[in-house]
1. Go ahead and estimate [θ] at 222 nm for the chain from helices alone: -39,500 (n - 2.57) per DSSP H run with n ≥ 4, summed, over the residue count, rounded to 500.
2. Over the chain, what number does the Rg to Rh ratio reach, with both radii from the alpha-carbon atoms and Rh per Kirkwood?
3. So what are the ³J(HN,Hα) numbers for the range 78-87, from phi and the Karplus equation (6.51, -1.76, 1.60; θ = phi - 60°), rounded to whole Hz, Gly and Pro as x?
4. Take the solvent-accessible surface of the protein heavy atoms, probe 1.4 Å, and return the percent of it on the chain that carbon and sulfur atoms account for.
5. Once every Cα of the range 107-159 carries one equal point scatterer and solvent is ignored, give the base-10 log of I(q)/I(0) from the Debye formula at q = 0.18, 0.19, 0.23, 0.26 Å⁻¹, two decimals.
6. How long are the semi-axes of the equivalent ellipsoid of the range 27-98, defined as square roots of 5 times the Cα gyration tensor eigenvalues? Whole Å, largest first.
7. So what is the relative contact order for the chain, in percent, with contacts set as C-alpha pairs under 8 Å and at least six apart?
8. At 1.4 Å probe radius, can you tell me the per residue accessible area of the chain in Å²?
Amino acid sequence: MPLPGSETGYAAGFEPGMRLALGEVAGGTGPDVPVGAVVLGPDGAVAGLGHNLCLATGDPTAHAEIVAIRQAAVALGSWRLDGCTLIATLEPCTMCAGAVHAARIRRVVYGAIDPRAGAAGSLWDVLRDRRLGPPVEVIGGVLAEQCGELLSDFFGRLR
């Protein structure tokens, strides 16, 4: 069943999906940076969910986006995620942007920008680089304040 959308604009229509991604990290994610991700299938239904598991699993590739993409590929029975949308609470890094291209995902929605490692327009623009294939539609800033607060709170506790 597709997620209900919002009638207040195109980007706002992705808020329900972003709330699911935020739910992935509600209450903390143990030692990992609280980043959540959701892959919506072509029909708008949830195909994959994930949150950062790098420290918890000892796997440097276990970013929220990668976890959600892997789960979606299994759920949909194909590594080609044509027509899917990736929603993440933080702008994807270069590794995750590469995975988006490899999986043929054509839309990425993110909340908070990542000026240190963002690859969807902040530091690099891997997702829209035509040398890597068709450009990916990028929608940033969806529920950015809530997404940013999670990160600020997490890093504030570490200091």
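1. After summing the helix terms and dividing by residue count, I get -10000 deg cm²/dmol.
2. On the way: Rg = 14.4 Å, Rh = 15.3 Å.
Looking at the chain, the ratio lands at 0.94.
3. Going residue by residue, I get 7, 7, 8, 9, 3, x, 8, 10, 9, 10 Hz, with x marking Gly and Pro.
4. Roughly 58 percent of what the probe reaches on the chain is carbon or sulfur.
5. -0.63, -0.68, -0.87, -0.99
6. 21, 12, 11
7. 19 percent
8. For the chain, the per-residue accessible area is 49 Å².
The values are calculated or read from the model by the stated rules, or taken from the named source; none is laboratory data. Note that this is a predicted model, so its numbers are computed, not measured. Positions of Cβ are generated from backbone atoms using ideal geometry, with glycine treated the same way; all protein chains shown enter the neighbour counts. Each accessible area value is taken on the protein alone, full model and side chains, heavy atoms only, with ligands, DNA and RNA left out. Shrake-Rupley method; radii C 1.70, N 1.55, O 1.52, S 1.80 Å.
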